[in-house]
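None of the figures in this text is laboratory data; all of them are computed from the coordinates on show. Just so we're clear, the structure is a prediction, and the values are computed from it rather than from any experiment. Neighbour counts are summed over all protein chains in view; Cβ atoms, including those assigned to glycine, are modelled from backbone coordinates with ideal geometry.
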Amino acid sequence: MYDIFSIKDAVMPAGFLWGSGYAGHQVEGNNINSSNWRAEQKGNQNPISELSGIACNSYEMYMDDVELVSKLGHQAFRTSVEWSRIQPDENSFSEEAAEHYISFFAALKERGIKVFCTMVHYSIPIWFEDKGGFYKEENLGYFEKYLDYIVPKIAPYVDFYNVLNEFNTSKKEEFKMNSLKFHALGYHTIKKYTSAPVSSAHAFVNYMPYRPNNKMDIASAQYRDANDNEFFFHAMRTGEVIQIGRDGFYSEDIKNTVDFWSINIYTRTLTNSMDKAGKSDYYHKKLRMIDMDFYLDELYPECMINTLTRLTDKPVYITENGCCCNDDRFRIVYMILHFSALRQCIDMGVDVKGFLYWSLLDNYEWWSYRPKFGLCSVDRESGTFNRTPKPSAWMYKEIIENNGFNQKIIRKYIKELPSLGL
């Protein structure tokens, strides 16, 4: 554990943008035409997996979320358009669904909140998946048709775009290389209708060798970094699409198709060359912050410094960063540590323009509701779905108001470092 009571006060640069976000499938509920919904019905090998069901009921209660974002002082909000709602089958578009997202985004804009819109946040229509989805280059036309329909409608209300979310973490090289083509098509299509900045959200995983001086573990970490991280940055900068072990290619259409680096970042990942999958547990710092094993069981704010200092050529927005815990005090510690590391990145020359906490609500974490990332809890048990801000949400509000943090704010919301109490 770190001592947040000794962290120096910090202020972010003028104009720094603070906010939060969530994704459609994780909160809207009853997303019945999506690939994720179908996969849930087939079941998951994990014995504690759940169905998303009505989720947080945000499709019906989106105005509650808008008011919540506004009440908490957020200056920006990231969410997604659900393609499977917009185009439930190959040959039809839903005007009702389009109007829903227009109303959602317009309400945010009316309150002075910047809108970050993700065009595909993992889930895709069932019909598109049945055609091979992003694995097949010949499906580019379907994606373009979707964007040509919805982007002109939402463009007046959207300030930043993400074409795709975290395709770089896939273990399928073909998927990643093809996704770059879909990203580039998305960039050029969106630019037909708006001058707003466009990117794709990149899961920047800080790979580190399990044994720091073991050459094989070092090589494993470097290999995974090259294939999961650097391939994206390299393609954006040069147009060269490279996955080690496959033939690469050059594409002028892919080069320079990000206006900013959209970074999702949480913690480090240790690589162990003795393990077939290259995985390893953490050292002595693992924290079991929820009642199950989870992949974010460590506070490692240095991952910000290790990764973001590689991105000094374009503006950077942190489009995801957050803590999964049952004791909200861990979230407070996590946030302060990462804000401190983010301020250091700025001091080191990274042009970080904004931070979006993940997530606004305790939402569906793709296969379970047990991992809780939210600044606000959701009463799903009673069926009211009432949203209740946690202490971390109110602390974050004060940080936004001060454009930074200080010991007075920290000590107001946490009196002592949290313990697992085991």
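Annotation: of all residues in segment 299-330 being closer than 25 Å to His121 by Cα and polar (S, T, N, Q), the one that is surrounded by the most Cβ atoms within 10 Å (Cβ to Cβ) is Thr319.
Taken over segment 370-399, the criterion of being under 19 Å from Phe330 (Cα atoms), aromatic (Phe, Trp, Tyr), buried (at least 17 other Cβ atoms within 10 Å of the Cβ) and more than 17 Å from the chain's Cα centre (by Cα) is satisfied by Tyr396 alone. When segment 1-39 is filtered for residues that are buried (at least 22 other Cβ atoms within 10 Å of the Cβ) and among the hydroxyl-bearing types (Ser, Thr, Tyr), the ones remaining, listed by number, are Ser20, Tyr22, Ser34. Yes or no: Phe104 out of contact with any Lys or Arg (no Cβ under 7 Å at 6 or more places or on another chain) and crowded, with 19+ Cβ neighbours inside 10 Å? So Phe104 passes the test.
Scanning segment 156-174 for residues being in contact with a strand residue (DSSP E or B) (Cβ under 9 Å, 6 or more places away or on another chain) and assigned to a helix (DSSP H, G or I) gives a total of 4.
Comparison of Ile102, Ile124, Ile113, Ile86 shows that the only residue that is under 22 Å from Ser170 (Cβ atoms) and of a type in the set (A, V, I, L, M) is Ile124. I need a count of the residues in segment 40-77 that are surrounded by fewer than 19 Cβ atoms within 10 Å (Cβ to Cβ) and among the hydroxyl-bearing types (Ser, Thr, Tyr). Qualifying residue count, segment 40-77: 2.
Here is a yes/no grid of residues against (1) without any contact (Cβ under 8 Å) to a residue 24 or more places away in the chain; (2) in contact with a Phe, Trp or Tyr (Cβ under 8 Å, 6 or more places away or on another chain); (3) assigned to a loop (DSSP other than H, G, I, E, B); (4) not polar (S, T, N, Q):
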site: Ile254; (1), (2), (3), (4): no, no, yes, yes
site: Ile263; (1), (2), (3), (4): no, yes, no, yes
site: Leu287; (1), (2), (3), (4): no, yes, yes, yes
site: Asp291; (1), (2), (3), (4): no, no, yes, yes
site: Ile305; (1), (2), (3), (4): no, no, no, yes
site: Arg310; (1), (2), (3), (4): no, yes, yes, yes
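In segment 163-192, the residues that are on the phi > 0 side of the Ramachandran plot form Cβ pairs under 7 Å with partners that are of a type in the set (A, V, I, L, M, F, W, C), at six or more places apart or across chains, as follows: Glu166/Ala201; Glu166/Ala203. Of all residues in segment 128-155 being among the charged types (D, E, K, R) and assigned to a helix (DSSP H, G or I), which is nearest to Ser80 (Cα to Cα)? Once the filter is applied, the top-ranked residue is Lys153.
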